[in-house]
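A.B. asks: Have a look at this one before I ask anything.
The values are calculated or read from the model by the stated rules, or taken from the named source; none is laboratory data. What you see is a predicted model; the values in this text were computed from it and never measured. Ideal geometry is used to build each Cβ from the backbone, glycine not excepted, and the neighbour counts take in all protein chains shown. Accessible surface areas use protein heavy atoms only, side chains included; no ligands, DNA or RNA. Shrake-Rupley method; radii C 1.70, N 1.55, O 1.52, S 1.80 Å.
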Amino acid sequence: MKLPATSSSKAPVKFRMPTADNLVPIRLDIETEGQRYKDAFTWNPSDPDSEVVVFAKRTVRDLKLPPQFITQIAQSIQTQLTEFRSYEGQDMYTAEKIVPIKLDLRVNHTLIKDHFLWDLNNYESDPEEFARTFCNDMGIEDPEVGPAVAFAIREQLYEIAIQSVASAREIKISKKGRRGAEHAISSKGGGNALDLMKLFRYNSSVVRKRKEWYVYEPIVDILSNEEVDALEAREDRNTR
């Protein structure tokens, strides 16, 4: 796999999603007037903000939701875009190239559990293509599963990228401290940031060892209507 020239093991790179398309994972969970709207999708941070309101109005119209949803949908999307843009231009370290990704989700009647490794420095990676291949290999026919798998991957990569920014910031502060004083700085926040780098460290080979196959073996179950009803009832109780 071809890696960008800037992806040095020592030099930081500027913040962006570690995928071919720099897309923001957006998650909505809005409830008003006794109706609830949940959705998850990606958004191009380069699109004009006026598109947010257009999307909100179209969604409310298509789903026949109360007009009050327009403002709430638009505000939620805009808040998440603003957070993403706040990291743009900041340094992040991607020295730990291989990170673990975990899938544990239910889409309609399909339950998926899987673990695999992802190259954080491969800026040509495509979660959507990975999801399509995964669904084909596992014989999954529900068309909503692929997008859900891709979104779950993007959401985790986003969290890892944010943590990489925090690590880069802490390393920069630590270096300044070493230049300004002879003693090492003991920073509680810095320890947490560096621990995040250790959390995603994976020193072994990407090749799965035979004794570890059972850990990485994907699990796909098709649930009955009764099982889905029971899960949804449990989720509703937990939400309340």
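A.B. asks: Going residue by residue through segment 92-102, is there one that turns out to be of a type in the set (S, T, N, Q), over 25 Å from Glu51 (Cα atoms) and either buried (at least 19 other Cβ atoms within 10 Å of the Cβ) or at pLDDT below 95 (or both)? Step through it out loud before you land on a result.
C.D. replies: Kept after step one, since they are of a type in the set (S, T, N, Q), are these residues of segment 92-102: 94.
If we keep only those that are over 25 Å from Glu51 (Cα atoms) as well, we get 94.
Next cut, either buried (at least 19 other Cβ atoms within 10 Å of the Cβ) or at pLDDT below 95 (or both) only: 94.
Yes, segment 92-102 has at least one match.
A.B. asks: Within segment 146-205, restricting attention to residues that are at pLDDT below 50 and of a type in the set (Lys, Arg), which residue is nearest to Glu128 (Cα to Cα)?
C.D. replies: Residue satisfying both the conditions and the ranking: Arg201.
A.B. asks: Can you name the residue in segment 38-72 that is aliphatic (A, V, I, L, M) and within 24 Å of Gly146 (Cβ to Cβ) and is also least open to solvent (accessible area, probe 1.4 Å) among such residues? Walk me through how you get there before you give the answer.
C.D. replies: Residues of segment 38-72 that are aliphatic (A, V, I, L, M), as a first pass: 40, 52-54, 56, 60, 63, 65, 70.
Filter once more, keeping what is within 24 Å of Gly146 (Cβ to Cβ): 40, 63.
Values: Ala40: 41, Leu63: 95 Å².
Ranking the qualifying residues of segment 38-72, first place goes to Ala40.
A.B. asks: Condition first: in contact (Cβ under 8 Å) with a residue 40 or more places away in the chain, of a type in the set (Phe, Trp, Tyr) and either open to solvent by 70 Å² or more (accessible area, probe 1.4 Å) or under 16 Å from Pro218 (Cβ atoms) (or both). Can you find one or more residues in segment 78-91 that meet it?
C.D. replies: At the first step, the residues of segment 78-91 found to be in contact (Cβ under 8 Å) with a residue 40 or more places away in the chain are 80-81, 84-85, 87-91.
Of the ones still in play, those that are also of a type in the set (Phe, Trp, Tyr) are 84, 87.
Cutting the leftovers down to either open to solvent by 70 Å² or more (accessible area, probe 1.4 Å) or under 16 Å from Pro218 (Cβ atoms) (or both) gives us none.
Within segment 78-91, not a single residue is in contact (Cβ under 8 Å) with a residue 40 or more places away in the chain, of a type in the set (Phe, Trp, Tyr) and either open to solvent by 70 Å² or more (accessible area, probe 1.4 Å) or under 16 Å from Pro218 (Cβ atoms) (or both).
A.B. asks: So for segment 210-232 (the condition being among the small types (Gly, Ala, Ser), at pLDDT 75 or above, within 29 Å of Arg16 (Cβ to Cβ) and open to solvent by less than 50 Å² (accessible area, probe 1.4 Å)), does at least one residue qualify?
C.D. replies: Checking segment 210-232: not a single residue is among the small types (Gly, Ala, Ser), at pLDDT 75 or above, within 29 Å of Arg16 (Cβ to Cβ) and open to solvent by less than 50 Å² (accessible area, probe 1.4 Å).
A.B. asks: In addition: Of all residues in segment 111-134, count the ones that are more than 30 Å from Val13 (Cα to Cα) and open to solvent by less than 10 Å² (accessible area, probe 1.4 Å).
C.D. replies: Within segment 111-134, residues that are more than 30 Å from Val13 (Cα to Cα) and open to solvent by less than 10 Å² (accessible area, probe 1.4 Å) number 1.
A.B. asks: Let me ask another. What number goes with the only condition from (1) assigned to a strand (DSSP E or B); (2) under 14 Å from the mean Cα position of the chain (by Cα) that His115 does not pass?
C.D. replies: If we test His115 against (1) assigned to a strand (DSSP E or B); (2) under 14 Å from the mean Cα position of the chain (by Cα), just (2) comes out false.
A.B. asks: If you don't mind, another one. Give me the residue from segment 10-34 that is in a loop (DSSP other than H, G, I, E, B), without any contact (Cβ under 8 Å) to a residue 40 or more places away in the chain and on the phi < 0 side of the Ramachandran plot and, out of that set, surrounded by the fewest Cβ atoms within 10 Å (Cβ to Cβ). Explain how you work it out, then say what you get.
C.D. replies: Here is the first cut: in segment 10-34, the residues in a loop (DSSP other than H, G, I, E, B) are 10-12, 15-23, 33-34.
From what is left, the residues that are without any contact (Cβ under 8 Å) to a residue 40 or more places away in the chain are 11, 22, 33-34.
Those still in the list that are on the phi < 0 side of the Ramachandran plot too: 11, 22.
Numbers: Ala11: 11, Asn22: 16.
If we take residues in segment 10-34 being in a loop (DSSP other than H, G, I, E, B), without any contact (Cβ under 8 Å) to a residue 40 or more places away in the chain and on the phi < 0 side of the Ramachandran plot, then Ala11 is surrounded by the fewest Cβ atoms within 10 Å (Cβ to Cβ).
A.B. asks: Being in contact with a Ser or Thr (Cβ under 8 Å, 6 or more places away or on another chain), modelled with pLDDT of 85 or more and in a loop (DSSP other than H, G, I, E, B): is that true of Asp142 here? Full working, then the answer.
C.D. replies: Values: in contact with a Ser or Thr (Cβ under 8 Å, 6 or more places away or on another chain): yes; modelled with pLDDT of 85 or more: yes; in a loop (DSSP other than H, G, I, E, B): yes.
Considered against the rule, which asks whether it is in contact with a Ser or Thr (Cβ under 8 Å, 6 or more places away or on another chain), modelled with pLDDT of 85 or more and in a loop (DSSP other than H, G, I, E, B), Asp142 comes out as yes.
A.B. asks: Which residues, counting only those in segment 82-96, are among the hydroxyl-bearing types (Ser, Thr, Tyr) and part of a loop (DSSP other than H, G, I, E, B)? Outline the logic, then answer.
C.D. replies: Just the residues of segment 82-96 that are among the hydroxyl-bearing types (Ser, Thr, Tyr), to begin with: 82, 86-87, 93-94.
Within segment 82-96, Tyr93, Thr94 qualify.
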